[in-house]
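Read the structure below first, then the notes.
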Amino acid sequence: MKKQTEAIISVALIAALLAVLFILERTIPSTSMLFTVLKKGAIYALVAVSMNLLNGFTGLFSLGQAGFMLVGAYTYGVLTIPVDQRPNVYMYYDGGMIQFALHPIAAIIIAGIIAGIFAYLIGLPVLRLKSDYLAIATLGFAEIIRAVFQWDKLGPLTNGSNLLRNYPSYKSVLFYFIAAGVCIALIVMLINSTYGRAFKAIRDDEVAAEAMGINLAHHKRIAFVVSSFFAGISGALLAMYQTSIQASMFKSAMTYEILLIVVIGGIGSITGSCISSFLFIILSEWLLRFLDSELVIGGFKVPLLRSGFRKVVFSIIIMIIVLFFRQGIMGTKEFSVRRIFNRITGRSRKSSEGRNGR
Amino acid sequence: MSENVLKVEHVTMQFGGVVAVDNLNLEVNKGEIVSLIGPNGAGKTTAFNVITGVYPPTNGAVYFQGRKIVENHPQGKMRRQYLGENEGKYDHVIAPTPDRITKLGIARTFQNIRLFKSQTVFENILIAEHMRRTSNLFTATLHLNGTEERNMREEADRLLHILELDDVRNEMATSLPYGKQRRLEIARALATKPSLLLLDEPAAGMNPQETDELTAFIGRIRDDFHLTIFMIEHHMDLVMEISDRIYVLDFGKLISQGTPDVVQSDPRVISAYLGVQEDE
């Protein structure tokens, strides 16, 4: 199969997906659970891929994703609340200190940049650490960010521990798909570039990578900042989706959810992360909801089903995955048009260069 | 004197109370193949690590093509430990990271093969091109550096062809037989376009036939790539056959140096190796 045909099929598939979403939106009431799942799935796919860039492709085990999402979400909220709404939102802080509002798209990009700046500063000390120590340090910094954003003294800027709300948001599921899709495409392009090859070299063997002329500190910093930039953007999208934000939302539990998505999808597989994020959201928000409410069938009360049981089931699933399916859904492979084509025509897959057709 | 490509001057390396390399002086001239031999634990790999910037030495300096690339003076805690001579001679700290040394033109291989395991042979070679990139993060991400990318790939393919590795181009690096993995590691080092190549036990674990092939291979790349080669090796057949000069290290000290014939008949070398199996 030619490269060109492959590209055309990929584009056609993406167009078809968007068309289906467009039609669904016209036919199904917008309150449907389906749209909740799709929007949240797209947002989580982006943040999972950004985490995969660090954990799967650069070999930096970082757990700071929720912190950078928080920075992105707050930046978006703070910059976009309309001026006439500010006295309302910042009621304890005399309307806050910022008295302007930006266009949502501009605010999303700035959200990413601010998260990137935070990452750069945190990365200066933290990226000297390796493996588990890096994970602990990034997790700690994420918690510090959360605490600082709730600090009363910063109230005029962040509204303290109160909600940020009344900011504009896009309701269409198409917006979330396009925004997340563009960002994921950028990450894929980065991974397929010469920088991506350097990241993978660092992941495979730091000592050898350095001996090949790769500046470790510089490249680790790039990976960390880029990953956080996209985490910031996904935080802004999450803020948009939820219509109100509060720092206490972005607990470390959120990072673990994302890590779970990455592990289920396969560490080092972009498409794996995308697929598993939708799976995860569908299961946790929709299909497994029934586990949390009591159920009576013909006078018989089904045992164990009560609030919180869903988490128990999830924990068991995680344990099963970690014990028996360590590779996740995709391992380090990618789902692509070419692979399916080769599978159908039964041709051996000789070209092992990762290509992606999301 | 720009004759010598590499010059190691009074290099001492201490780890706590252990003196791994003790006042080492050596020179490698352009176009030579020079070997560093010695019993296990003599400090050979430590010397390599000092030259390539992995450790800053406790004292001493390293020159590459007449330019000082590594220098250290014993300071602080090290000053109390350091008991050697030439104490006041070095008063700067020049401690580049290994990637800077590679960019200067010193490439190395490792004692235990360190290939990029999850990548193909071609990708292993291609990584060396990264340090010569002119694109930045944005142009590379947006794939605006098409010409450069094509040149990188062509260059890697050219090298694979010269080193007769193009038949395994798309194999995973770790799926190669041992001898080929060694050869790939040398190829990867050559991809950085060095003028000095450091080989750390290139024949370790090879059978006699593979060793013979390697001997020919090392001689060939020296001529084809106009290289100077400095290597650590235990296979005495290989060392005696291709070395122009040999340095012998024992307990961190240089005990003998000269042509293979001189070294072979040196009583100090014989006593250092006595009771130690020569063929590993």
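Structure data summary
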{"quantity": "Radius of gyration and maximum dimension Dmax of region A:78-174, Cα, Å", "calculated": "16.2, 48"}
{"quantity": "Degrees between helix B:208-224 axis and first principal axis of chain B (Cα, 0 to 90, nearest 10)", "calculated": "80"}
{"quantity": "Burial ranking of peptide ranges A:302-315, B:260-273, A:221-234, B:243-256 (average Cβ count within 10 Å, highest at the top)", "calculated": "A:221-234, B:243-256, B:260-273, A:302-315"}
{"quantity": "Region B:148-280, Rg to Rh (Cα coordinates; Rh as Kirkwood inverse mean 1/r)", "calculated": "1.03"}
{"quantity": "Net charge of Cβ neighbours under 12 Å - reference B:P202; Lys, Arg +1; Asp, Glu -1", "calculated": "-3"}
{"quantity": "Chain A, relative contact order in percent, only Cα pairs under 8 angstrom and at least six apart counted", "calculated": "28"}
{"quantity": "Candidate lysines for bridging to A:K153, where Cα separation is under 25 Å - those fewer than 8 sequence places away on the same chain excluded", "calculated": "A:K251"}
{"quantity": "Volume per residue of the C-alpha convex hull in region A:206-358, rounded to whole Å³", "calculated": "202"}
{"quantity": "Cα-based reach from A:K200 at 12 Å (exclusive), listing aspartates and glutamates while leaving out same-chain residues under 8 positions away", "calculated": "B:E123"}
{"quantity": "Considering only the protein assembly as shown, percent of DSSP beta bridges that pair antiparallel, nearest 5", "calculated": "65"}
{"quantity": "Estimated [θ] at 222 nm from DSSP helical runs (n ≥ 4, -39500 (n - 2.57)) normalised by residues in the protein assembly as shown, nearest 500", "calculated": "-16000 deg cm²/dmol"}
{"quantity": "Gained length - A:R128 relative to A:W151, 0.36 nm times residue gap less alpha-carbon distance", "calculated": "5.4 nm"}
{"quantity": "Shape of region A:3-342, Cα gyration tensor, a/c cut at 1.5", "calculated": "rounded"}
{"quantity": "Whole-number D in µm² s⁻¹ for chain B, Kirkwood Cα-pair radius fed into Stokes-Einstein, 4 °C, 1.567 mPa s", "calculated": "65"}
{"quantity": "Largest-first principal axis extents, alpha carbons of region B:117-193, Å", "calculated": "39, 23, 18"}
{"quantity": "Cβ neighbours within 10 Å from other chains - mean over B:165-171", "calculated": "1"}
{"quantity": "Under-17-angstrom lysine pairs by C-alpha in chain B, whenever the two are 8 or more apart or on separate chains", "calculated": "12"}
{"quantity": "Three-way shape label, region A:1-81, alpha-carbon gyration tensor, a/c 1.5", "calculated": "oblate"}
{"quantity": "Region A:224-312: translational diffusion in µm²/s, Stokes-Einstein, Kirkwood Rh over Cα pairs, 20 °C, 1.002 mPa s", "calculated": "139"}
{"quantity": "Packing rank of A:34-40, A:21-27, B:34-40, A:198-204, where each peptide gets the mean count of other beta carbons within 10 Å, highest leading", "calculated": "A:198-204, B:34-40, A:34-40, A:21-27"}
{"quantity": "Per-residue mean of C-beta atoms belonging to partner chains within 10 Å, peptide B:115-127", "calculated": "5"}
{"quantity": "Taking N as its residue count, the alpha carbon Rg of the protein assembly as shown over 2.2 N^0.38 Å", "calculated": "1.16"}
{"quantity": "Nearest 10 degrees, 0 to 90: helix B:178-190 Cα axis against chain B principal axis", "calculated": "90"}
{"quantity": "Shape call, region B:88-140: gyration tensor on alpha carbons, a/c limit 1.5", "calculated": "oblate"}
{"quantity": "Peptide B:128-135 - average C-beta neighbours from other chains (10 Å radius)", "calculated": "5"}
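No value in this document is a laboratory result; all are computed from the given coordinates. Keep in mind that what you see is a predicted model, and the values were worked out from it rather than measured. Using ideal geometry, Cβ is built from the backbone for each residue, glycine included, and neighbour counts are taken over all protein chains shown.
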